[in-house]
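Visitor: Pasting a structure here, questions to come.
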Amino acid sequence: MTGEILFIFGLLLITIILFASGLFRLDVVAIMVILALILSGLLSPSAALAGFGDPVVLLIAGLFVVGEALFRTGVAYAIGDWLMSVAGTSEKRLLILLMLVVAGLSAFMSSTGAVAIFIPVALNLAAKAGTSPSRLMMPLAASTAFSTPVASPVNTLVLGPGGYRFNDFIKVGLPLQVLAMVVTLLAVPLLFPLK
């Protein structure tokens, strides 16, 4: 192994430790890694900054702006109030309803966008229900993982334009979504016990 490879593995190990420890914010750790790569000469400054112009980075930044706007305008509160009124005091009903709403939304739009929109809703619900946010955030993420996005670029690339019907996604996605919901409902109490 060359010295450069050892440096990369060491930097990767340090990065994982810093991410897991929570000693620094995640964005600070990421910037420190980029700086370490630039200072070591393994990455040019132009290559290091190229990622910030990537459309995906800008999309995610824009989605967080939309999520914050939903929170500040009260839309997140309104959606949270509606979910709480329908679910009542049952955490399981709240989880099922939240997962169904997010899965339904992410079936027709970007999964990242659906999660970004519902992050403030889930945080508001956790505060109102007096539960840990992680008990709602993990099901929120899981509900989009097996949704059936019709407009997904990956689906279009694999199947080609016009090579699929809406039912093709439902046949595969719906059973996976139901399975994901069942596993999530069983795993949440075990992984995130009430404090």
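The numbers here are math on the coordinates, done by the rules we state, and not lab data. All values reported here derive from a predicted model rather than from experimental measurement. In this analysis, Cβ positions are derived from the backbone assuming ideal geometry, glycine residues included, and neighbour counts consider all displayed protein chains.
Visitor: Counting other C-beta atoms within 10 Å, which of Met99, Met181 has the fewest, and how do the rest follow?
Guide: So the residues, fewest neighbours to most, are Met181, Met99.
Visitor: Where does the charge balance sit around Gly62 when Lys and Arg score +1, Asp and Glu -1, over other residues with C-beta under 15 Å from its C-beta?
Guide: Result for the local shell: -2.
Visitor: Kirkwood hydrodynamic radius for segment 3-53: how many Å is it when counted over pairs of different Cα atoms?
Guide: Over segment 3-53, the inverse of the mean reciprocal pair distance is 11.5 Å.
Visitor: Answer rounded, prolate or oblate for segment 1-118, using the Cα gyration tensor with square roots of eigenvalues a ≥ b ≥ c: rounded when a/c is under 1.5, else prolate when a/b is larger than b/c, else oblate.
Guide: Prolate, because a/c is 1.5 or more and a/b exceeds b/c.
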